[in-house]
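Dropping the structure in here first, questions after.
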Amino acid sequence: MARLVVLGGGVAGHTTATFAAKWLGSQHEVVVVTPNSKWNWIPSNIWVGVGQMTKEEVTFDLAPVYAKAGITFHQAKAVSINPEGSDSSEKPFVTIEYTEEGKAGETEVVEYDYLVNATGPKLNFDATPGLGDGNGQMGDNTVSVCTADHAVHASHKLAEAIEKMKGGTRQKFLIGTGHGMCTCQGAAFEYIFNIENELRKSGVRDMADIKWISNESFLGDFGMGGLHMKVGGYVVSSKLFAESLYAERSIDWLIGAHTSKVENGKVEYELLDGSKGEEEFDFAMLIPPFAGVGLKAYDKAGEDITGTVFAPNGFMKVDADYTAKPYAEWKASDWPRTYQNPTYSNMFAAGIAFAPPHLISKPMKSPNGTPINPTPPRTGMPSGIIGKAVAHSVCDLMTKGENAHLHEASMAEMGAACVASAGKGVFTGTAAAMTVYPVVPDFEKYPGTGRDTDYTFGEIGLAGHWIKHILHFLFIYKAKLNPGWTLIPE
Amino acid sequence: MKEEELNFEKEQFSLTMIPGKFARSMRTCVIWQFIRFVIINVKMIIVVGKSH
Ligand SMILES: Cc1cc2nc3c(=O)[nH]c(=O)nc-3n(C[C@H](O)[C@H](O)[C@H](O)COP(=O)(O)OP(=O)(O)OC[C@H]3O[C@@H](n4cnc5c(N)ncnc54)[C@H](O)[C@@H]3O)c2cc1C
């Protein structure tokens, strides 16, 4: 019997573990190590953040689901990996630290035959002074929607702001990115439009000034270098699409901005032209930059090999081409296909945890040398597809032997369907429904736009909202492993 | 005053396109949106199929 250990029970890790458990049956063991007792459908945190959903509606307990699937569950966080074992252990292992009540702080060693790192991002609030609390957590100056608890807190702050407006006090809302190297602009995009929608519903829109601040060099970049999509018979840049929506909803924008400092009611920023400025706010939701979760790695002798296994940003190295090269020489083929670690072939990384070879958006710097560009997004659909491909590979390695063919899922050959909510409501809601193919542009195949315009489209409307709402139920149904779950695509 | 007059008043917005009354109303017109729902779903299923 061999053992697969999956670190992280989020979109990618849950997909890997559940498929692996199904395909391997009781012949082999699947173990999940993840610090939270609950699974969270993160995209719906947006609706929690505006008080339209509760935390309970977007989360569920993992333990019964893993018990049903025959998966061993440790509510713990991985701290380090020993891919060669140690003096006292021939087998590779991970060291975990329990987070479960009653066991919190206890450490344990979990041996593995195969390891999948799907630990997602560390929300690196402290990268921007004042955005974090100095201890790795979110500070008091802004709110976030990155976790369900953050979103609950954000909804309370929003309710307070609405009360103030009802009492006659104008409020300034600042939403966007909290650093020059952030990703996940899509989440902030959804949040700003949901807030705008809530303010209109509450009858206080005229008492609010709403502003977008982001590290994108143009509105609609979304960390993907923007996209050209079919809208109303035209092929248009997402810049026009996004600017149109901001203008329609009367939302100002400040782009090419590195948020350099956050204080109570004020941010300082630097722009791509090198100029510096300040923006005041009453309510701010600024997405933090992402980094790897800080796993360490040691060789058999106990020497630190973290730099061999992980990229400097903390994400795990996989089969990508990490050679530093200028933007003009970036190729679709630089992107990983199997997500296997190049040094230890029994280790894989899936979802946000793998180190991308480079940005997708054009790299930009201010004249002061400050990098101001979005880092590549790895959204839900690619994370799920990668998680499933990795599960397939590991299962084949376990059942067919070391020479089994590895399954491939390159982001340069895969599309993504994104539905960005612009307001909730069964008959009044809207969302931008978009597909992009491929996620990473391939300028050799599509020299103009980098993408196939037959499969890259977008439109805003109530239909998009219905799809987003149905996806909420569908993905939670699937993650709970309810009957037919394997038929629902990632 | 037409809504677009309000929108284009701000200089930052003046170089983009803004939907008029008809386009806006179609976005929440249930019959039209039901048709779009079917079409978008088909398109998404094709992209999802190409990606697996
Ligand atoms: C507000 C918001 C809205 C979003 N909306 C959308 C959307 O509409 N559509 C879309 O496609 N994508 C969306 N995304 C992105 C999507 O959530 C991510 O792409 C996806 O969650 C990435 O999956 P992952 O498994 O890599 O990471 P995660 O889902 O973050 O999972 C990582 C897991 O690892 C665990 N972990 C962390 N540290 C450790 C450790 N040391 N040891 C073990 N486990 C650890 C975490 O607790 C977590 O369970 C949104 C993101 C945010 C923040």
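Please work out, to two decimal places, the log10 of the ratio I(q)/I(0) at q = 0.13, 0.23, 0.26, 0.27 Å⁻¹ from a Debye calculation in which every Cα of segment B:3-51 carries one identical scatterer.
-0.53, -0.80, -0.88, -0.91
Let me ask something else. Tell me, what % of the accessible area of the protein assembly as shown is carbon and sulfur with a 1.4 angstrom probe?
Values: 11930 of 22220 Å².
So the carbon and sulfur contribution to the accessible surface is 54 percent.
Which number do you get for Rg(Cα) / (2.2 N^0.38 Å) in segment A:313-354? Spell out each step's value before the answer.
Values: Rg = 11.0 Å, N = 42, 2.2 N^0.38 = 9.1 Å.
Compactness ratio reported: 1.20.
Any idea of the accessible area per residue across the protein assembly as shown, 1.4 Å probe, to the nearest Å²? Please report the intermediate quantities before stating the final value.
On the way: 22220 Å² over 542 residues.
Value returned for the protein assembly as shown: 41 Å² of accessible area per residue.
Could you compute how much accessible area chains B and A hide from each other, both sides summed, with a 1.4 Å probe? Nearest 100 Å² is fine.
Summing both chains' loss of accessible area gives about 2900 Å².
Further question on the same structure: Using a 1.4 angstrom probe and counting only protein chains, how large is the accessible area of A:Y327 in Å², to 10?
90
Treat every Asp and Glu Cβ in chain A as -1 and every Lys and Arg Cβ as +1, leave all other atoms uncharged, and give the resulting dipole magnitude about the Cα centre to the nearest 20 debye.
Values: 41 positive and 55 negative charges, 215 e Å.
With Lys and Arg at +1 and Asp and Glu at -1, about 1040 debye.
Next up: So, counting K/R as plus one and D/E as minus one, what does the shell of residues with Cβ under 15 Å around A:W466 add up to? Walk me through the numbers on the way to the answer.
Values: positive: A:K424, A:K468, B:R27, B:R36, B:K43; negative: A:E459.
Net local charge, A:W466 excluded: +4.
Here's another thing I want to ask about it. Based on the alpha-carbon gyration tensor of chain A, what equivalent-ellipsoid semi-axes (square roots of 5 times the eigenvalues) come out, in whole Å, largest first? Walk me through the intermediate numbers first.
Details: eigenvalues 261, 122, 109 Å².
Calculated on Cα positions only, the semi-axes equal 36, 25, 23 Å.
May I pose another question? Counting only helical runs of four or more DSSP H residues, what would the 222 nm mean residue ellipticity of the protein assembly as shown come to if each run contributes -39,500 (n - 2.57) and the total is spread over all its residues? Mind dumping the intermediate values first?
On the way: 13 runs with 155 residues, N = 542.
Dividing the helical sum by the residues of the protein assembly as shown leaves -9000 deg cm²/dmol.
What figure, in Å² to the nearest 10, do you get for the accessible area of A:T323 with a 1.4 Å probe and non-protein molecules left out?
Counting only protein heavy atoms, A:T323 exposes about 90 Å² to solvent.
Taking the DSSP beta bridges in the protein assembly as shown as the whole, what percent of them are antiparallel, to the nearest 5? Show your work: numbers first, answer last.
On the way: 48 of 83 bridges.
In the protein assembly as shown, approximately 60 percent of DSSP beta bridges are antiparallel ones.
Taking Rh as the Kirkwood radius, which is the inverse of the mean 1/r over Cα pairs, what is the Rg/Rh value for segment A:322-476? Please report the intermediate quantities before stating the final value.
Values: Rg = 18.3 Å, Rh = 17.8 Å.
My calculation of the ratio gives 1.03.
Could you give the angle, 0 to 90 degrees to the nearest 10, between helix A:462-479's Cα long axis and the longest principal axis of the Cα atoms of chain A?
20
Another one. Report, as an integer, the average count of C-beta atoms from other chains found within 10 Å of each Cβ along A:436-447. The partial results should precede the final answer.
Numbers: counts 1, 4, 3, 1, 0, 0, 0, 0, 0, 0, 0, 0.
Average neighbour count from other chains, rounded to a whole number: 1.
What GluC sites (Glu not before Pro) in segment A:344-413 are in a loop by DSSP, with at most 13 other Cβ atoms within 10 Å of the Cβ? Provide the component values of the computation, followed by the final result.
Working: sites: A:E402, A:E408, A:E413; in loops: A:E402, A:E408, A:E413.
Those satisfying the criteria are A:E402.
For A:483-489, what's the mean count of beta carbons from other chains sitting within 10 Å of each residue's beta carbon? Kindly include the intermediate steps, with their values, before the conclusion.
Details: counts 0, 0, 0, 0, 0, 0, 6.
Across the residues of A:483-489, the mean count of other-chain Cβ atoms within 10 Å is 1.
Can you give the Kirkwood hydrodynamic radius for segment A:190-292, in Å, rounded to one decimal and based on Cα pairs? Could you put the intermediate results ahead of the total?
Working: mean 1/r = 0.0657 Å⁻¹.
Value: 15.2 Å, from the Cα pair sum.
How big is Rg to Rh over segment A:230-389, alpha-carbon atoms, Rh as the Kirkwood inverse-mean-distance radius? It would help to have the intermediate numbers written out before the result.
On the way: Rg = 19.5 Å, Rh = 19.0 Å.
Result for segment A:230-389 is an Rg/Rh of 1.03.
Too long at a 25 Å Cα-Cα cut-off: which of A:K38/A:K91; A:K365/A:K388; A:K276/B:K2; A:K201/A:K468; A:K296/A:K362; A:K211/B:K10? Present the calculation step by step, with values, prior to reporting the outcome.
Numbers: A:K38/A:K91 30 Å; A:K365/A:K388 36 Å; A:K276/B:K2 37 Å; A:K201/A:K468 20 Å; A:K296/A:K362 31 Å; A:K211/B:K10 13 Å.
Result: A:K38/A:K91; A:K365/A:K388; A:K276/B:K2; A:K296/A:K362 exceed 25 Å.
Using a Förster radius of 45 Å, what is the FRET efficiency between A:I470 and A:D87 based on their Cβ-Cβ separation? Nearest 0.05, please. Show your work: numbers first, answer last.
Details: r = 54 Å, r/R0 = 1.20.
Efficiency, rounded to the nearest 0.05: 0.25.
Further question on the same structure: Across peptide B:3-16, how many C-beta atoms of other chains are within 10 Å of each residue C-beta, on average?
Values: counts 2, 2, 0, 1, 6, 1, 1, 3, 0, 7, 9, 1, 3, 11.
Across the residues of B:3-16, the mean count of other-chain Cβ atoms within 10 Å is 3.
Of B:W32, B:M17, B:G49, which is farthest towards the positive pole of segment B:3-51's charge dipole, taken about the Cα centre with +1 and -1 on the beta-carbons of Lys, Arg and Asp, Glu respectively?
Checked the options; the winner is B:G49.
While we're here: Where does each of A:49-60, A:229-240 land if you order them by average Cβ count within 10 Å, highest first? Don't jump to the answer; show the numbers that get you there.
Details: A:49-60: 19.3, A:229-240: 16.1.
In descending order of packing, they fall as A:49-60, A:229-240.
For A:K166 and A:K103, FRET efficiency with R0 = 41 Å and r from the beta-carbon atoms, rounded to 0.05? Don't skip to the end; give the middle numbers.
On the way: r = 46 Å, r/R0 = 1.13.
The calculated FRET efficiency here is 0.30.
Another question, if that's okay. How far apart, in nanometres, would the label points at B:W32 and A:Y327 be if each is projected 7 angstrom from Cα along the Cα-to-Cβ direction?
3.8
Follow-up. Contact order normalised by length for chain A, with contacts defined as Cα pairs under 8 Å and 6 or more residues apart; what percent is it?
Values: 1176 pairs, mean separation 81.6, N = 490.
Dividing the mean separation by the residue count of chain A yields 17 percent.
Rank A:G120, A:P483, A:A17 by how far each Cα sits towards the positive end of the charge dipole of chain A (+1 on Lys, Arg Cβ; -1 on Asp, Glu Cβ) and give me just the farthest.
Going by the Cα projections, it comes out as A:P483.
Give the calculated FRET efficiency between A:T54 and A:D209 to the nearest 0.05, with a Förster radius of 41 Å applied to their Cβ-Cβ distance. Don't jump to the answer; show the numbers that get you there.
Working: r = 29 Å, r/R0 = 0.71.
For A:T54 and A:D209, the calculated efficiency is 0.90.
The values are calculated or read from the model by the stated rules, or taken from the named source; none is laboratory data. A quick note: this is a predicted structure, and the numbers were derived from the prediction, not measured. Neighbour counts are summed over all protein chains in view; Cβ atoms, including those assigned to glycine, are modelled from backbone coordinates with ideal geometry. Ligands, DNA and RNA are excluded from the accessible area calculation, which covers all protein heavy atoms including side chains. Shrake-Rupley method; radii C 1.70, N 1.55, O 1.52, S 1.80 Å.
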